[in-house]
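Asks: Provided herewith is a single structure, encoded as structure tokens, for subsequent inquiry.
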Amino acid sequence: MKKILSLLVQDTKLLIRNALFWVVTATLVIIVLVVHFLIPGDFDTGKQSIVSYNMEINHPFIVSLDCAEAVNDSVKKEGTVGFIQEGDTIKLIHPGLSEKAQNAIVAAFFGEVSNEDIKIVSLRENTGKIPGNIRLTPVFICFEALISGFLMAGILLLEEKEGKTIKAYRVSPAGTIHYVCGKMLLFSIMGTVYSLLLAVLITGFQFEWISFILLAFLSSALFTLFGLSVTVFFRDISSWFSISIVVLTVNMLTMVSYSSPSFSPAWIRLIPSYPIIFGFEEVLFGTAGGISDVLFLVLAEASVLFVVSCALVNKVLLKSERSIV
């Protein structure tokens with residue numbers, strides 16, 4: 001543990017001296033100001049889709065699904081509105097709409113009906129409309145705060161190569177695991193702190209803190225380990241930068257599904273940021289009761305990447321003397 005803490009302190013000093021650290025910090029401040037002063041609260045981040053099961057009504061805007069469970073999953077994971085016919089009763093399932101919005105949807109499709117004919121189920125405690133600018137918070141967390149570990153871990157590793165620090169580390173008593181753990185802890189803490197700052201400064205204090213911190217820490221660790229695994233194959237920033245842009249661009253494609261939940265093809269669900277961005281949405285704006293599966297998934301991915309990172313750092317970075325890209 002002493003060796004890991006020593007490396008953590010050393011990397012923190014290097015981080016503070018790095019210009020990119022201050023760029024990332026300044027970007028965080030700019031994002032908060034833009035959200036509060038430039039993006040309007042009535043900004044619409046997506047179109048509400050409607051799904052149903054066992055409905056007698058046939059409407060072009062209502063997508064029929066195979067079972068009631070599919071409707072519940074669609075409302076929970078994709079933010080749609082669902083109708084389920086149960087005998088003479090229609091169940092309206094929604095992700096947290098206001099009472100006014102619920103009544104408008106019912107009136108639009110069924111006209112005037114009694115309360116006995118409609119059963120309303122909300123999957124979230126928060127039934128108020130989330131302003132569009134505030135709803136962008138998970139996007140900023142995923143693609144500014146958490147991704148800083150990917151960028152900063154890569155930059156520090158490349159600086160250590162150029163400054164011959166790696167050669168000195170090869171003959172030091174500290175091992176591969178200490179090296180990887182030091183980087184992972186530093187940027188996991190940094191990503192978590194940045195995420196908390198964004199969440200508090202934009203949405204306030206009313207969210208599930210423990211779930212948020214766990215998700216932010218594990219996600220930051222995941223991106224940091226991925227950054228280490230990619231960067232070990234490069235010698236300088238110029239060669240590393242191009243592939244990093246590609247990786248970050250692919251990772252940001254999940255914003256499309258977040259902005260329009262009805263668009264969620266199988267391939268986009270394979271991108272690591274997909275469950276993370278919806279996990280933060282659930283923590284910040286929902287009940288925070290449904291992210292255990294996300295936490296286990298991110299933990300499993302981070303565990304695999306930890307093993308991969310240690311293997312690559314040991315073979316390519318610390319022991320290999322052959323030239324790399």
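Asks: Of everything in segment 204-217, what is farther than 14 Å from F143 by Cα and crowded, with 17+ Cβ neighbours inside 10 Å? Give them in sequence order.
Replies: Passing the criteria: F207, E208, S211, F212, L214, L215, F217.
Asks: What number of residues within segment 261-296 satisfy the criterion of being without any contact (Cβ under 8 Å) to a residue 24 or more places away in the chain and farther than 16 Å from T224 by Cα?
Replies: Filtering segment 261-296 down to residues without any contact (Cβ under 8 Å) to a residue 24 or more places away in the chain leaves 263, 265-271, 274-275, 282, 289, 292-293, 296.
From what's left, farther than 16 Å from T224 by Cα: 263, 265-270, 274-275, 282, 289, 292-293, 296.
So the count comes out to 14.
Asks: List the pairs whose first member sits in segment 227-254 and is on the phi < 0 side of the Ramachandran plot and of a type outside the set (A, V, I, L, M), whose second member is outside any helix (DSSP H, G or I) and modelled with pLDDT of 85 or more, and whose Cβ atoms are under 6 Å apart, counting only residues at least 6 apart or on separate chains?
Replies: W240/F234; T254/I271
Asks: Considering segment 230-239 alone, what residues qualify as being part of a helix (DSSP H, G or I), surrounded by fewer than 21 Cβ atoms within 10 Å (Cβ to Cβ) and either at pLDDT 85 or above or not assigned by TED's automatic domain parsing to the domain that holds N314 (or both)?
Replies: Narrowing segment 230-239 to residues part of a helix (DSSP H, G or I): 230-231, 237-239.
Next, only the ones that are surrounded by fewer than 21 Cβ atoms within 10 Å (Cβ to Cβ) stay: 230, 237-239.
Hit for segment 230-239 is V230, nothing else.
Asks: Got a number for residues in segment 36-53 being among the hydrophobic types (A, V, I, L, M, F, W, C) and modelled with pLDDT of 65 or more?
Replies: 3
Asks: Which of the residues belonging to segment 54-94 are in contact with a Gly (Cβ under 8 Å, 6 or more places away or on another chain), part of a helix (DSSP H, G or I) and at pLDDT 75 or above?
Replies: V71, N72, S74, V75
Asks: Collect the residues in segment 240-260 that are among the hydroxyl-bearing types (S, T, Y), part of a helix (DSSP H, G or I) and more than 13 Å from G227 (Cβ to Cβ), keeping them in residue-number order.
Replies: Of everything in segment 240-260, those that are among the hydroxyl-bearing types (S, T, Y), part of a helix (DSSP H, G or I) and more than 13 Å from G227 (Cβ to Cβ) turn out to be S242, T249, T254, S257, Y258, S259.
Asks: Further question: If I ask for residues that are of a type in the set (G, A, S) and either crowded, with 20+ Cβ neighbours inside 10 Å or outside the structural domain of L136 (by TED's automatic domain parsing) (or both), which ones from segment 247-280 would you list?
Replies: Answer for segment 247-280, where residues must be of a type in the set (G, A, S) and either crowded, with 20+ Cβ neighbours inside 10 Å or outside the structural domain of L136 (by TED's automatic domain parsing) (or both): S257, S273, G279.
Asks: Still on this model: Do you know which of the residues in segment 181-199 that are of a type in the set (A, V, I, L, M, F, W, C) and farther than 21 Å from N314 by Cα is surrounded by the fewest Cβ atoms within 10 Å (Cβ to Cβ)?
Replies: V193
The values are calculated or read from the model by the stated rules, or taken from the named source; none is laboratory data. Please read these numbers as outputs of a predicted model, since none were measured by experiment. Backbone-built Cβ (ideal geometry, glycine too); neighbour counts: all protein chains shown.
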